[in-house]
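One structure below.
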Amino acid sequence: MDYTKEIEELMRLEYQIDVKEANVKQLYNVISKLIMLKVSNDWHNTRCADIKKCGYLSAEFLIGRLVYANLLNMKMTEDVKNSLANFHIDLNEFEEVEDAALGNGGLGRLAACFLESAATKGIPLDGYGIRYRFGLFKQNFINGFQNEEADDWLKWGDPFSIRRDEDARIVEFSDMKVKAIPYDMPVIGYDSKVVNTLRLWQSEAYEDFDFKAFDNMQGSENAINEYNAKEITAVLYPNDNTYLGKVLRLRQEYFMVSASLQDVLAKYKTKKHSLKDIAKYQIFQLNDTHPTLAIPEYLRLLQKEGLSFNEALEICHQSFNFTNHTIMGEALEKWPVEMLEKYLPDVLTEIIKLQDIIDNTLDNTKYYIIKDNLVHMANLAIFVAAKVNGVAEIHTNILKADTFKDWYNLYPDKFENVTNGITPRRWLVLNNPNLTKEICSLIGDKWICNLDELSKVKSYVTDKRFLEKFKIIKQKNKKILSDYIYKHDNILIPTDFMFDVQVKRLHEYKRQLLNAFSILYIYYGIKDGSIKNFKPTAFIFGAKSAPGYYMAKAIIKYINTIADLVNNDPEVSKILKVVFVANYNVSYAEKIVCAADLSEQISMAGMEASGTSNMKFMLNGTPTIGTLDGANVEIAEEAGFNYNYIFGLNVREVAKVKENYNPYELLENNPKLKRVVESLIDGTLNDLGSGVFKAIYDSLLNGNNPDNYLVLADFDSYIKTKLIANQDYGRDIFYEKCLINMASAAKFSSDRSILDYNKLIWHLK
Ligand code: 26W
């Protein structure tokens, strides 16, 4: 297809200019509109289908940059590239376009992969969430410390959204009433006629802003209302894994679910089915507890429509399913009863009715929703939901055996596992076109929508020609990444170095600190000659810290300071480089995961529910150095334990060690480790008087829970394994590991996850 003419016409329509006059933003908007034009019929047909649908309710959708992914899935990339070439325009120019970062990390990116997979597989799954005015903050470093800046993602326009004023809803709090305006995005599957919808709600003033009244100072009340209303969807909370208990966050959660449920009910009513049958047509997946207020809100709305409480509850039982994404106590949401009473009294009334049922039918010391004046959102979700699932085998087992043990004993059939996945379209086809081409030349292209086919590559892993090609492709990807890092972070990484990568949110349990310690250990070892023949390695980090997370920010400063030490050492910098890339995001990840040689997945066993970056690396042919945590376990099972670098304490051993853990004693018996840890306090590294390094030191050795995440306990095992991986690097056996991992990644397609959800939980056609 030649799109030249359509591009010209759209440019005239939108901007009244010639294509050659257009800037990048204008071009981006026009190409996006072209995609919208081409998808509109399929989108309309999917939307109108009168079939059972599932709503994926989520406070986060980390969709990233859409233009390339949409072109790919529409199979338009080549044609658009050629059409633009007529105007001497390069498609790569859109790399400036901002990511839509409407999510924090794993949970939000998972939601985006799931929507893409459902559309690809033809499953009617629509997303409902929040249209944040500002997404996850942008990160830069000032003297090595994280600095946050607002993410004004809309400055590029929002060409993939359609605002639908006609579907506006009113959301009421006890003290304010706001308008919820939906913005719809088409969710485009790969080569698929099914185009689902991501509906994101924006809050606006209920009354139109009255300028005249405002001028006269008569209606300043209106101005204030507008300000308050807009505030609800102003910004994504940047905390990942800690519950804050803020009123504004409560408003966001209620705003999103109330608007979405009203919407679903209004649409259902036009269909003339009995309201009692609604669960046959519409169900919901709760992405963690953030949207769990949907349960009491649905109870309230259904009763308003005339159903009895019991009828409404029965519908809720059939409608809601709940996914848990973390076992960390501090992340589990518990809203104070007084807060609900103050802002959402009618919702609280429904919650109390549920608690009454528990009081009347169950042992309420074991089972409760309200306790100590807190509403336990996970318990609410489990009590009502039809199915509850964890996100990797080991995680689901921990939920059953520990976190929700009593509930599991009560409702064993409610609990399911659905191991997470990633979409192979964005995370292989799009980000690694050369490897994609090579795989297609071996086994055809069916694997793109059926990743099981990828296992056919296994018969080529010892084929020298394929291995050489893989090396060349990896080398090319490393060059692209190295150039990008040089441009954005001003550090030059030679491409013949091993690229050892840890990218994910910064959290103590993920143990970036363990990685940092290992680098210092290697640095000292090279200097004193105790580590010989270390193969040149670049340690690459990418991570955002929650702005208020003191210890995570301290660790960022520590790693940046180690980077300065190492990179400025005239001798060692010939062998080691350390870089902490600024503003790690989806687009950066696309460049990183295809260029990595080693994937760091080193959380303390039992803490990482699943992880999904581990899957992205695997699919791009990168072995894992990791603990037996989350989906690492399944990765090692699929690829074979010998093809990855597994180390450290397992879940059982962690519990055992914690019984009487003495990190102080451990250090005294390990002088080399002691030297590394003391870099925090002996003046080797300078935290510019902030005291943050001493705080890290204290977290390891002093206080109630010293070294809570067993960094020191796992250190020896980690360093030993890391040195083995280093020695393997560059040899044929290493590349065999790369290829075996890639060829064994089928299980981690989000297509498989979505089909599992459908088979075990949703039962959609
Ligand atoms: C209330 C504050 C808050 C915000 C976000 C609490 C918890 C969260 C998320 C549950 C954190 C999260 O993203 N969890 C990650 O979910 C991924 C997708 O299932 C998993 O792969 C990660 O292991 C898990 O940490």
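Please give the length that would be gained between THR365 and ASN143 if that part of the chain were fully extended, namely 0.36 nm times their separation in residues minus their C-alpha to C-alpha distance (nm, one decimal). Write out the running numbers ahead of the final one.
On the way: separation 222, 0.36 × 222 = 79.92 nm, distance 5.17 nm.
So the chain would gain 74.8 nm between THR365 and ASN143.
Under a Cβ-Cβ cut-off of 13 Å, what is the net charge of the residues other than LYS574 that fall near it, where Lys and Arg count +1 and Asp and Glu count -1?
On the way: positive: LYS527, LYS535, LYS577; negative: ASP496, ASP569, GLU571.
Neighbour charge sum, excluding LYS574 itself: 0.
From the Cα trace of the range 531-599, what convex hull volume per residue do you get, rounded to a whole Å³? Could the numbers behind the result be given before it?
Details: hull volume 7.6 nm³, N = 69.
Taking only Cα atoms, the range 531-599 has a hull volume of 110 Å³ per residue.
Amide H neighbours of VAL375 under 5 Å, at least 5 residues apart or on other chains, H built in the peptide plane: list them.
Under 5 Å from the amide H of VAL375: TRP335, VAL337.
Could I have the simple spin-label model distance between SER40 and ASP445, label points 7 Å from Cα toward Cβ, reported in nm to one decimal?
Modelled inter-label distance: 2.7 nm.
Across every pair of different alpha-carbon atoms, what Kirkwood hydrodynamic radius in Å does the range 480-583 reach?
Values: mean 1/r = 0.0711 Å⁻¹.
Averaging 1/r across every pair of different Cα atoms and inverting gives 14.1 Å.
Hey, quick one: spin label on PHE309, modelled 7 Å out along Cα-Cβ, who in the range 344-378 has an amide N within reach, i.e. under 11 Å?
Under 11 Å, as judged by backbone N against the label point of PHE309, lie 349-358 of the range 344-378.
Gain in length, ASP372 to ASN23, computed as 0.36 nm per residue apart minus the alpha-carbon separation, to one decimal in nm? Mind dumping the intermediate values first?
Details: separation 349, 0.36 × 349 = 125.64 nm, distance 5.84 nm.
Taking 0.36 nm per residue and subtracting the Cα distance, the gain is 119.8 nm.
What Kirkwood hydrodynamic radius do you get for the chain when you take the inverse of the mean 1/r over all pairs of distinct Cα atoms, in Å?
Details: mean 1/r = 0.0365 Å⁻¹.
Its Kirkwood hydrodynamic radius stands at 27.4 Å.
Rounded to the nearest Å, what's the spacing between the alpha carbon centres of the range 246-307 and the range 547-595? Just the number, please.
After rounding, the separation between the Cα centres reads 44 Å.
Local charge sum around GLU78 (other residues, Cβ-Cβ under 13 Å, Lys/Arg +1, Asp/Glu -1)?
Numbers: positive: LYS75, LYS81, LYS437; negative: ASP2, ASP79.
Computed value for this residue: +1.
Could you sort 434-442, 523-531 so that the peptide with the highest average Cβ count within 10 Å comes first and the rest follow in order? Write down the numbers at each step before the final one.
Details: 434-442: 16.8, 523-531: 14.7.
Per-residue mean Cβ counts within 10 Å order the peptides as 434-442, 523-531.
Show the residues, 5+ positions off or on another chain, whose built amide H is closer than 5 Å to the amide H of GLN282.
LYS53
Separation between the ASP452 and LYS269 pseudo-spin-labels, each 7 Å from Cα along Cα→Cβ, expressed in nm?
4.5
I'm a student and want to see the number: the projected area of the Cα convex hull of the range 397-501, averaged over all directions, in nm².
Here the figure is 10.7 nm², rounded to one decimal.
With 29 Å as the limit, write out which pairs from LYS464/LYS759; LYS535/LYS694; LYS469/LYS574; LYS366/LYS387; LYS722/LYS747 have Cα-Cα distances beyond it, or answer none.
Details: LYS464/LYS759 41 Å; LYS535/LYS694 32 Å; LYS469/LYS574 27 Å; LYS366/LYS387 20 Å; LYS722/LYS747 26 Å.
Cα-Cα > 29 Å for LYS464/LYS759; LYS535/LYS694; rest within.
Net charge near ALA639: determine it from the other residues with C-beta under 13 Å of the C-beta of ALA639, scoring Lys and Arg +1 and Asp and Glu -1. Write down the numbers at each step before the final one.
Values: positive: LYS458, LYS737, LYS747; negative: GLU634, GLU637, GLU638, GLU736.
Value of the local net charge: -1.
Out of residues 5 or more away from ALA596 or on other chains, whose amide H comes under 5 Å of its own, with H placed 1.01 Å from N in the peptide plane?
Residues meeting the criterion, in which the H sits 1.01 Å from N, do not exist here.
Determine ³J(HN,Hα), in whole Hz, for all residues of the range 189-203 in sequence, where each value follows from phi through the Karplus function 6.51 cos²θ - 1.76 cosθ + 1.60 and θ = phi - 60°; x replaces Gly and Pro.
x, 7, 6, 10, 7, 7, 10, 7, 10, 9, 9, 10, 9, 10, 8
I need the calculated FRET efficiency for the pair ASN662 and ARG731, taking r as the beta carbon distance and R₀ as 51 Å, to the nearest 0.05.
After rounding, the FRET efficiency stands at 0.80.
Can you return the lysines within cross-link range of LYS193? Criterion is Cα-Cα under 21 Å, with same-chain partners fewer than 8 residues away left out.
In chain and number order, the partners are LYS33, LYS38, LYS52, LYS53, LYS75, LYS121, LYS446, LYS765.
Roughly how many whole Å is it from the C-alpha centroid of the range 1-37 to that of the range 684-715?
55
Pop the C-beta distance of ASN92 and GLU330 into the FRET formula with R0 = 35 Å and round what comes out to the nearest 0.05.
On the way: r = 42 Å, r/R0 = 1.21.
Once the sixth-power term is evaluated, E becomes 0.25.
Just to check I understand the Karplus step: with θ = phi - 60° and J = 6.51 cos²θ - 1.76 cosθ + 1.60, what whole-Hz values come out for the range 159-167, glycine and proline as x?
3J(HN,Hα) across the range 159-167, in whole Hz: x, 8, 10, 10, 6, 10, 4, 5, 9.
Values quoted throughout were computed directly from the atomic coordinates according to the rules given, and no laboratory measurement underlies them. Computed from a prediction, not measured in an experiment: that's the story for all the values here. All Cβ positions, even for glycine, are placed from backbone atoms using ideal geometry, and neighbour counts span all protein chains on display.
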